[in-house]
Amino acid sequence: MLRSSHKCFLMATLASALIVSGCEKKEIAAGPPPDVPVRVAKATVQTMPVQVIAIGNVEAFASVSVKPLVSGELETIKFEEGQDVKKGQLLFTIDRRPFEAALAQAQANLARDKATAANARLDAGRYASLSVQGVTSKQQADQAASAADSYDAAVRADAAAVDAAKLNLEYCTIYSPIDGRTGSYQVKPGNMVKANDVPVLIVINQISPIYLDFSVPEQYLADIKKYMLQGALHVDATIPNDPGPPEVGTVTFVDNAMDNTTATIRLKATFANEKKRLWPGQFVNTVLTLTSERNAVVVPAQALQTGQNGQFVFVVKSANTVESRPVVVGRTVNGVTVIEKGLTQGETVVTDGQLRLIPGAKISITSDTAPIQH
């Protein structure tokens, strides 16, 4: 009986010891949480551009549909499809033979009527002299003078016909009216073409310089007119999927009326396009720079977080703790965001690792380039 009681006592003592040991381990495990690794950046003051972002459509600076001015057989084509051509460069020739024959006939008519007119003028002189002498009547003299005048008019008409025939002969060779790039052939050699009719022979687009057409909300019109008075407004055109730098142009046209359907105003910018990176019909990302704002407080865009009450940042406080602070956000340019209210220059904000943070959390600042594990 005594041994049984002793065993019970030992077991109770052992159980008590185990319970106490377990409590101590729990107390050790419930210590303070580890510091959260984060990256940080300081709020700085910079001069930031005031910009308007839009989608632009590229337009040819000039577009010409080349048509023949005489009817005839298209004889030759002197360029390749898609070729760059210069103003005055020969493009097409039309069969000249019918027009050469027409010119020869007009010149012959002119020579004949010139001879007839010269003889009629001599006759008119003779009749005038005889009329003074009383040999012929005044009526005959007047008829001779009238005939001479008529032949003189015929000579002038013949001369005009010769000029027209020469012009038609010149129209048999068709030259480029502008510098530009040709499209595809619309008519091939051997086909008959009609004067000033369809199909056109070729379409030439001038792409250097070139236009960029885009629209901005109407609330920017006042600022656009204001800053245009101070100088040219610059426009950057970024080509999708093109790693090169943006093309830079200037605003050269503001439309004279709003678009009531979209509440926008249409603008055009002109680009030199010397490398021909912009192409008619292309859509590009457009950034219109109106002016620059000095002494703007900025932070990296990745520092911004969005909560139920709007946007906020985690600001690093003393003892490496953080607080959540609401901010009023302006525009973002090249990964940098303007903070209009809520931060001052020199304050430190968290830029990476925010998902593990709560107000008052302790942090450890890291400078690793590898992404922080959230």
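Would it be correct to say that Ile239 is touching a strand residue (DSSP E or B) at 6+ places or on another chain (Cβ under 6 Å), under 27 Å from Val333 (Cβ atoms) and among the aliphatic types (A, V, I, L, M)?
Numbers: touching a strand residue (DSSP E or B) at 6+ places or on another chain (Cβ under 6 Å): yes; under 27 Å from Val333 (Cβ atoms): yes; among the aliphatic types (A, V, I, L, M): yes.
So Ile239 passes the test.
Just so you know, in region 336-361 the residues that are assigned to a helix (DSSP H, G or I) and in contact (Cβ under 8 Å) with a residue 60 or more places away in the chain include one that is surrounded by the most Cβ atoms within 10 Å (Cβ to Cβ), and it is Gln354. Considering only region 130-168, state which residues are surrounded by fewer than 18 Cβ atoms within 10 Å (Cβ to Cβ) and touching a Phe, Trp or Tyr at 6+ places or on another chain (Cβ under 7 Å). Across region 130-168, the qualifying residues are Thr136, Gln140. Taken over region 59-111, the criterion of being surrounded by fewer than 16 Cβ atoms within 10 Å (Cβ to Cβ) and of a type in the set (Gly, Ala, Ser) is satisfied by Ser63, Ser65, Ser71, Gly82, Gly88, Ala101, Ala104, Ala108, Ala111. Does Thr332 count as in the same structural domain as Leu221 (by TED's automatic domain parsing) and under 30 Å from Val251 (Cβ atoms)? No, not satisfied. Inside region 254-280, residues that are assigned to a strand (DSSP E or B) and either under 25 Å from Val64 (Cβ atoms) or among the small types (Gly, Ala, Ser) (or both) make up a count of 6.
Inspect all residues belonging to region 274-282 and state whether any of them is touching a helix residue (DSSP H, G or I) at 6+ places or on another chain (Cβ under 9 Å) and closer than 24 Å to Gln51 by Cβ. Spell out the reasoning first.
Looking only at region 274-282, we keep the residues that are touching a helix residue (DSSP H, G or I) at 6+ places or on another chain (Cβ under 9 Å), and these are none.
Looking through region 274-282, none of the residues is touching a helix residue (DSSP H, G or I) at 6+ places or on another chain (Cβ under 9 Å) and closer than 24 Å to Gln51 by Cβ.
The lone criterion from (1) touching a residue at least 40 places away in the same chain (Cβ under 8 Å); (2) assigned to a strand (DSSP E or B) left unmet by Val251 is number (1). Among the conditions (1) over 30 Å from Asp84 (Cα atoms); (2) among the hydrophobic types (A, V, I, L, M, F, W, C); (3) touching a helix residue (DSSP H, G or I) at 6+ places or on another chain (Cβ under 6 Å), the only one that Leu169 does not satisfy is (1). If you go through region 283-330 and keep only what is loosely packed, with under 14 Cβ neighbours inside 10 Å and among the small types (Gly, Ala, Ser), you end up with Ser292, Gly307, Gly310, Ser318, Ala319.
The values are calculated or read from the model by the stated rules, or taken from the named source; none is laboratory data. The structure displayed is predicted, hence computed values, not measured ones. In this analysis, Cβ positions are derived from the backbone assuming ideal geometry, glycine residues included, and neighbour counts consider all displayed protein chains.
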